[in-house]
Amino acid sequence: MTSFRLIICAVIVVLLFLAALAVFSPLTLLNALTWSDTKGVVLKNLSYGEEARQKLDIYGPVPTEEPPSVVVFFYGGNWNSGSREQYGFVGKALASRGIMAVVADYRLSPQVTYPAFVKDAAQAVAWTLKHIGEYGGNARKVFVAGHSAGAYNAAMVALDPRWLSKYGESPAALQGWIGIAGPYDFLPIVAEPVRLAFLYPDTPVDSQPIMHVTAAAPPSLLITGSADTVVNPVKNSGRLATALRTAQAPVQTVSLKGVGHGLLVAAFSPILRSYLPVLDDISTFVFRTSAAARGE
């Protein structure tokens, strides 16, 4: 097949996918179109705390002799919506690359406000560090990741030691962290739902991840789309990357031209992986960072 025909086929696939998104709930469709291309363990509804929403699911890769690296993933939704069941396609995607995924819920606004959801994220990560070995994962190779609001949660856990310390852990125990279209420097707050979640106008200045950058930050991967109109990639990921580099903390950045906010997480689905390399970038980062930590 010629390259021209391949391009035409790719365009048709993407157009059909976008047409389907107009009919079905995007997350429902993504899960429906995600086949399980791994025969690893899947464990659901595990508790990392006592609250109803303090639950997580584990998606394991095909077992190997060496325990796999682990990514704890937090979804987005303005801190007022979302559930781990909607993001099974993310867990399956990571497992298909030989990475154990932990997809965790956290409490939402308006039932709670900042910093409750950050505490939940830290508690889920601390649970993973303490217990993932019991499920076949490597507790010495734990990464935290998220998309949008979930990327904020991941950033706060990785950069601000206050939160993991509440559960007897430290960011130093993390192998690295991954932020996908995350808000890291968003004062003053414009979006009304976010204002409620962050007690605006009394939002603490230290609620911003960029305030907690030090040379001790775990290695970072920041993924953005140039067409993101929901979370400004220059103000947020751009400024955070600059702050990390200034502090001489390791950081990698990826900007996907013409890609918007939602497509950055939709890229985990099998139908879009070939066109949007988000999963490739994350897998490469996880394995290279793990190898570097071992001195390979």
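Key figures for this structure:
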quantity: Antiparallel bridge percentage (DSSP; both residues within the chain; nearest 5); calculated: 25 percent
quantity: The range 232-296: C-alpha gyration tensor shape, a/c 1.5 cut-off, then a/b vs b/c; calculated: oblate
quantity: Rough spin-label spacing in nm, given labels placed 7 Å along Cα→Cβ, for residue 284 and residue 51; calculated: 3.7 nm
quantity: The chain - percent relative contact order, Cα under 8 Å, separation 6 or more; calculated: 16 percent
quantity: Residue pairs, from the table 44/130; 92/141; 130/257; 44/257; 141/257, whose Cα atoms sit over 27 Å apart; calculated: 130/257; 44/257; 141/257
quantity: Potential extension, residue 83-residue 135 segment - 0.36 nm per residue separation minus Cα distance; calculated: 16.5 nm
quantity: Chain lengthening between residue 199 and residue 111 when straightened (0.36 nm per residue, less Cα-Cα); calculated: 30.4 nm
quantity: Order of 275, 106, 75 - criterion: other Cβ atoms within 10 Å of each residue's Cβ, fewest first; calculated: 275, 75, 106
quantity: Footprinting exposure proxy for 280, 120, 57 (fewest neighbouring C-beta atoms within 10 Å first); calculated: 280, 57, 120
quantity: Ordering of 230-243, 190-203 by packing [mean C-beta count within 10 Å, highest first]; calculated: 230-243, 190-203
quantity: Structure-based [θ]222 nm, the chain - -39500 (n - 2.57) summed over DSSP H runs of at least 4, per residue, nearest 500; calculated: -10500 deg cm²/dmol
quantity: Exposure proxy ranking, count of Cβ atoms within 10 Å, fewest first, for 89, 143, 73, 186; calculated: 186, 89, 143, 73
quantity: The range 248-296: trypsin sites (Lys or Arg not before Pro) in DSSP coil with no more than 10 other Cβ atoms inside 10 Å; calculated: 257, 294
quantity: Gained length - residue 165 relative to residue 232, 0.36 nm times residue gap less alpha-carbon distance; calculated: 21.1 nm
quantity: Shape category assigned to the chain from the gyration tensor of Cα positions, a/c cut at 1.5; calculated: rounded
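Coordinate-derived values only; no laboratory data. What you see is a predicted model; the values in this text were computed from it and never measured. With ideal geometry, Cβ positions are generated from the backbone for all residues, glycine too; neighbour counts draw on all protein chains shown.
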